[in-house]
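Chemist: Input: one structure, supplied below.
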Amino acid sequence: MNTTSPSADRNLITIGSVIITLGIIFGDIGTSPLYVMKAIIGIHTIEKDIVLGAVSCVFYTLTIQTTIKYVLITIRADNHGEGGIFSLYSLLKRLRRQWLLIPAILGGCALLADSIITPSISIASAVEGVKVYYPALNQIYVVIAILAVLFFIQQFGSQVIGKSFGPVMLIWFLMLGILGAVALAGNLSILQALNPVYAVRLLQVHPEGFFVLGFVFLCTTGAEALYSDLGHCGMKNIQVSWIFVKLMLLLNYFGQGAYLLNHQGMTLSGISGDVNNPGNPFYLLMPDWFLPLGIIIATLAAVIASQALIAGAFSLISEAVRLNLWPRISVKYPTTLRGQVYIPSVNWLLFAGCVFVMLHFKKSSEMEAAYGLAIVLCMLMTTILLVTYMRMKRISMIWIGLFLAIYLTIELSFFIANIAKFSHGGYVSLFIAGCIASVMFLWYFGKRITSAYNDLVPISDYIDVLKDLSNDESMSKYSSHLVYLTNSPNKKLIDSKIIFSILKRRPKRADVYWLLHLHVTDQPYQSDYKVTFIEKDTIIRVDFYLGFKITQRVNLLFREVVENLVASKELNVVSKYKSLQEHHIQADFKYVLIGKIISYDSNLPWYESLIVSAYSFIKKISLSDGKAFGLDAHSVKVEDFPITIHPANISLNRL
């Protein structure tokens with residue numbers, strides 16, 4: 001059995017592994033100081049209680065939500081070293097509770113929506129620092145240009161550029177800590193924010209009241225991405241790195257707070273001297289001589305944060321395909337790194353989404369309303385799945401109840417505060433997540449409806465006729481080796497559509513009939529197979545057991561099985577044609593893929609008819625099974641098999 005992850009030593013802690021973790025894991029949450037304090041203060045007058053309350057809220061949010069929930073608890077819910085909401089769902093599938101699909105899909109779609117908004121707000125926030133030198137600069141086109149380059153290079157993979165991610169993020173975090181420490185030394189009274197009373201008081205003194213939590217939440221939006229990237233670096237590296245990351249983040253937040261306390265009674269616009277371009281506390285910490293370099297480092301950090309989320313979106317969609325939650329699409333492998341994928345359609349859809357967000361909101365301050373709503377929804381869904389996981393692990397109900405009470409209270413509060421921003425831009429993130437979720441639900445249930453009517457018959461009833469057909473020299477061979485993909489998990493049963501294809505549509509004589517079945521397992525990188533000789537030298541079945549992170553390249557998988565059987569002398573693939581046999585020419589293989597179409601005679605309920613129609617449309621515009629499985633067009637025959645669901649009752653009277 002092969003169940004290893006991409007990095008067998010991912011939990012080995014070294015200086016190098018910690019630096020790599022900085023670049024892969026903490027890009028999203030690490031760039032939050034660019035916009036959190038700016039969003040909380042907004043256009044309002046800087047007041048002591050608001051500043052202390054803001055910093056206090058950030059401190060306890062990073063501690064309770066990010067540190068305790070994610071870094072200490074959630075990443076322990078790993079699926080053989082892999083994390084993320086789909087990995088967690090795959091782990092829970094064995095419970096056979098259908099309702100778990102709902103939080104899994106909603107959470108996954110919310111995270112994908114974040115992959116569109118994060119690059120826009122992070123890069124826009126970084127680029128806006130240039131306005132100190134060029135106030136009239138229209139940053140929209142600068143941001144779009146950076147996004148275009150970022151998405152263009154995805155096709156080449158991030159193996160080369162990825163080597164610089166860790167060192168750049170190390171410089172970024174050190175910059176955060178040093179800038180914050182210098183400002184903090186100028187006004188140590190900001191340390192009063194450690195008193196949680198100020199966090200509660202913020203909800204009373206801030207002009208937006210309770211709903212200011214929507215902006216506070218922005219400081220922890222990268223926590224869900226942290227869990228999704230667990231498999232890249234491992235739990236121990238994340239936990240050790242987080243100590244450094246959190247310290248640097250807090251130094252910067254406290255430093256921004258100290259700076260703002262020194263400017264009480266003013267507004268950010270008043271500090272910057274430009275009503276149209278309020279100052280950003282993050283950049284205001286920097287001395288003038290350092291500002292150009294600071295802007296460059298911030299932009300690089302924002303690009304790295306975006307790159308991590310884009311790569312995460314590719315992984316998320318590829319997992320969804322193998323979990324039957326997304327239609328088959330073209331997947332490419334730009335580098336030799338295991339697990340790294342590039343999905344062209346997703347790449348350019350993300351780019352189009354980022355451009356739309358940038359053109360729609362124009363500046364980062366306007367995106368803050370859209371940002372956060374999707375992620376808090378994802379966090380809520382993770383909490384629900386995590387509680388189910390705890391019950392599966394038989395953790396005491398007292399601890400489960402305490403966990404649920406604390407985090408439902410916190411996350412529902414954040415959700416309510418964020419939903420209040422719906423009309424100010426939150427609708428964008430929910431619209432994006434909703435569109436993605438609609439495709440997932442339609443695909444899953446459409447496939448489920450059609451699969452439910454997949455008739456299976458005992459293969460033992462057809463062994464003799466298949467043997468006779470194979471030996472019938474009065475009929476020309478259709479192919480020496482004929483390969484079918486079967487949906488039957490039971491080796492004693494076979495799809496009636498395969499029997500129909502071999503015996504009735506056009507009798508297909510072959511030397512060997514192969515039946516291949518793909519089992520998607522909850523172990524991410526499992527890649528095993530089992531061969532069953534149903535009828536020696538005539539009917540052979542191969543069951544593949546593939547983890548949900550293994551690409552289903554049937555051509556490569558089947559080729560390896562055949563080579564192994566030949567090497568062990570269990571199979572002879574030399575052609576049986578005499579002229580070719582003398583020269584030891586290998587026999588030909590042909591795949592037959594059978595697609596199901598709904599017969600016009602079907603009588604479906606209106607809602608099932610709607611789902612099946614949408615499913616059929618999505619399937620028509622998605623990648624064909626032949627291309628998805630990596631099969632050469634010349635060796636594939638595609639057939640349609642009509643299925644009749646709930647046939648209409650027709651009675652005739654003979655005259």
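The values are calculated or read from the model by the stated rules, or taken from the named source; none is laboratory data. Because the structure is predicted, anything quoted here is derived from the model rather than measured. Quick reminder, even Gly has a Cβ in these numbers, built from the backbone with ideal geometry, and neighbours come from all protein chains shown. Remember, those area values only see protein heavy atoms, side chains included, never the ligands or the DNA or RNA. Shrake-Rupley method; radii C 1.70, N 1.55, O 1.52, S 1.80 Å.
Chemist: Restricting segment 89-111 to residues that are part of a helix (DSSP H, G or I) and among the charged types (D, E, K, R), which is most open to solvent (accessible area, probe 1.4 Å)?
Modeler: Residue satisfying both the conditions and the ranking: R94.
Chemist: May I pose another question? For segment 28-51: of the residues being part of a loop (DSSP other than H, G, I, E, B) and aliphatic (A, V, I, L, M), which is farthest from S125 (Cα to Cα)?
Modeler: I46
Chemist: Considering every residue within segment 80-88, establish whether at least one is surrounded by fewer than 24 Cβ atoms within 10 Å (Cβ to Cβ) and in a loop (DSSP other than H, G, I, E, B).
Modeler: yes
Chemist: Turning to a different aspect of this structure: Consider only pairs whose beta carbons are under 8 Å apart and that are at least six residues apart or on different chains; among these, list those whose first residue lies in segment 244-265 and is of a type in the set (V, I, T) and whose second residue is part of a loop (DSSP other than H, G, I, E, B) and at pLDDT below 95.
Modeler: Pairs that qualify, where the first residue is of a type in the set (V, I, T) and the partner is part of a loop (DSSP other than H, G, I, E, B) and at pLDDT below 95, are V245/F26.
Chemist: While we're on this one: With respect to the numbered conditions (1) crowded, with 23+ Cβ neighbours inside 10 Å; (2) at pLDDT 85 or above, which one is the sole condition not fulfilled by L261?
Modeler: With respect to (1) crowded, with 23+ Cβ neighbours inside 10 Å; (2) at pLDDT 85 or above, L261 is out only on (1).
Chemist: Oh, and also: Scan segment 437-446 and tell me whether some residue there is under 29 Å from I329 (Cα atoms), open to solvent by 50 Å² or more (accessible area, probe 1.4 Å) and not hydrophobic (A, V, I, L, M, F, W, C).
Modeler: yes
Chemist: While we're here: Kindly indicate the residue of segment 92-122 that is modelled with pLDDT under 85 and aliphatic (A, V, I, L, M) and also nearest to the chain's Cα centre (by Cα) among those meeting that condition.
Modeler: Result: I117.
Chemist: May I ask you to list the residues in segment 524-561 that are closer than 26 Å to A77 by Cβ and open to solvent by less than 10 Å² (accessible area, probe 1.4 Å)?
Modeler: Across segment 524-561, the qualifying residues are P524, L546, G547, F548.
Chemist: Can you tell me how many residues in segment 61-78 are open to solvent by 60 Å² or more (accessible area, probe 1.4 Å) and within 16 Å of F215 (Cα to Cα)?
Modeler: Selection size over segment 61-78: 0.
Chemist: Among the residues of segment 438-465, count how many are in contact (Cβ under 8 Å) with a residue 12 or more places away in the chain, over 20 Å from C109 (Cα atoms) and of a type outside the set (G, A, S).
Modeler: 12
Chemist: Test of understanding: among S90, S122, which residue is closer than 15 Å to L323 by Cβ and among the polar types (S, T, N, Q)?
Modeler: The unique qualifying residue is S90.
Chemist: A further question follows. Specify the residue that is nearest to F617 (Cα to Cα); the eligible residues are those in segment 335-362 that are at pLDDT below 75 and open to solvent by 40 Å² or more (accessible area, probe 1.4 Å).
Modeler: Within segment 335-362, the match that is nearest to F617 (Cα to Cα) is G339.
Chemist: Could you please tell me which pairs satisfy a Cβ distance under 7 Å, a separation of 6+ or placement on different chains, a first residue in segment 212-223 that is surrounded by fewer than 24 Cβ atoms within 10 Å (Cβ to Cβ), and a second residue that is assigned to a helix (DSSP H, G or I) and of a type in the set (D, E, K, R)?
Modeler: Within 7 Å, no pair qualifies.
Chemist: So which residues in segment 161-203 are over 38 Å from the mean Cα position of the chain (by Cα) and not hydrophobic (A, V, I, L, M, F, W, C)?
Modeler: The answer is G186, N187, S189, Q192.
Chemist: Turning to a different aspect of this structure: Which residues, taken from segment 472-523, are of a type in the set (K, R), at pLDDT 85 or above and open to solvent by 50 Å² or more (accessible area, probe 1.4 Å)?
Modeler: The answer is K491, K492.
Chemist: Out of G312, G279, report the one residue that is crowded, with 19+ Cβ neighbours inside 10 Å, at pLDDT below 85 and not in a helix (DSSP H, G or I).
Modeler: G279
Chemist: Would you confirm whether or not segment 247-257 contains a residue that is open to solvent by 40 Å² or more (accessible area, probe 1.4 Å) and at pLDDT below 85?
Modeler: No, because not a single residue in segment 247-257 is open to solvent by 40 Å² or more (accessible area, probe 1.4 Å) and at pLDDT below 85.
Chemist: Within segment 575-593, is there a residue that is of a type in the set (V, I, T), modelled with pLDDT of 70 or more, touching a Ser or Thr at 6+ places or on another chain (Cβ under 7 Å) and not in a helix (DSSP H, G or I)?
Modeler: Scanning segment 575-593, I find at least one residue that is of a type in the set (V, I, T), modelled with pLDDT of 70 or more, touching a Ser or Thr at 6+ places or on another chain (Cβ under 7 Å) and not in a helix (DSSP H, G or I), so the answer is yes.
Chemist: Same structure again: Can you list the helices (runs of 4 or more DSSP H) found entirely within segment 207-252 that contain at least 2 residues being within 21 Å of the chain's Cα centre (by Cα)?
Modeler: 223-228, 230-233
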